[in-house]
1. Among the residues of region 135-154 satisfying the criterion of being within 15 Å of Ala102 (Cα to Cα) and touching a Ser or Thr at 6+ places or on another chain (Cβ under 8 Å), which is surrounded by the fewest Cβ atoms within 10 Å (Cβ to Cβ)?
2. Given the criterion touching a helix residue (DSSP H, G or I) at 6+ places or on another chain (Cβ under 7 Å), under 26 Å from Gly13 (Cα atoms) and in contact (Cβ under 8 Å) with a residue 24 or more places away in the chain, identify the matching residue among Asp108, Asp113.
3. Being in a strand (DSSP E or B) and either at pLDDT 90 or above or in the same structural domain as Ile132 (by TED's automatic domain parsing) (or both) is the requirement here; does Asn54 meet it?
4. Taking the stated definitions as given, is Phe2 exposed (fewer than 13 other Cβ atoms within 10 Å of the Cβ), closer than 21 Å to Leu114 by Cβ and among the hydrophobic types (A, V, I, L, M, F, W, C)?
5. Any chance region 16-36 includes a residue that's more than 20 Å from the chain's Cα centre (by Cα), outside any helix (DSSP H, G or I), closer than 23 Å to Tyr144 by Cβ and not assigned by TED's automatic domain parsing to the domain that holds Tyr144?
6. State yes or no: is Ser70 of a type in the set (Gly, Ala, Ser) and at pLDDT below 90?
Amino acid sequence: MFTNMRSNDVFVGLPHDLFCFTMLQELVARSLSVEVGTYKVAIGSLHLYEGNVNAARQFLNEGWQSTDVSMPPMPYGDPWPSISILLSAESAIRTSGPFDSASLGNIDPYWADLIRLLQIFRSKRDKDSNRIREERGRMASSVYTPFIDKVLADLSPPTQTTSLADPE
């Protein structure tokens, strides 16, 4: 797949666009029963907005993440029935809150994990760490564990230490 963009923000837009376009590439490949192939992109103006410079620096200072682990590949076969389930689940999670992801036994684990990630995102917003832990335990792939653990850590209140020493 080749994408040609007139303009793109390297910090805010590009990471999301790369994910979306490569997901689209994978959907088309699975729909046509062909291999995914390579992805290339050309961007006429790749830039960083001044208001994002500090956030971009902070991101870079966090260090590089390993590329040894990647997202699981989309399963072979027609993806559209699973996408229909994913979209229904997303709508329910967004409008109604908790979704019974334990009922996802009939969907490929790849798609079930994506639904569980949506539930985790909603549970983070609802500050429901118990549900996040439940969903973490149901995940088929461990590739998402660092993200889920970070969500849990962000929700955990800072621990307070008390001294048992006698004040003198």
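The values are calculated or read from the model by the stated rules, or taken from the named source; none is laboratory data. Given the structure is predicted, the values throughout are model-derived calculations rather than measurements. In this analysis, Cβ positions are derived from the backbone assuming ideal geometry, glycine residues included, and neighbour counts consider all displayed protein chains.
1. Going residue by residue through region 135-154, those that are within 15 Å of Ala102 (Cα to Cα) are 135-140.
Applying the additional criterion that residues be touching a Ser or Thr at 6+ places or on another chain (Cβ under 8 Å) yields 135-136, 138-139.
On the way: Glu135: 25, Arg136: 18, Arg138: 14, Met139: 18.
The selected residue is Arg138.
2. Working: Asp108 fails: under 26 Å from Gly13 (Cα atoms).
Checking each option against the conditions leaves just Asp113.
3. Values: in a strand (DSSP E or B): no; either at pLDDT 90 or above or in the same structural domain as Ile132 (by TED's automatic domain parsing) (or both): yes.
No, not satisfied.
4. On the way: exposed (fewer than 13 other Cβ atoms within 10 Å of the Cβ): yes; closer than 21 Å to Leu114 by Cβ: no; among the hydrophobic types (A, V, I, L, M, F, W, C): yes.
Answer is no for this residue.
5. yes
6. Values: of a type in the set (Gly, Ala, Ser): yes; at pLDDT below 90: yes.
Taking the combined requirement at face value, the residue satisfies it.
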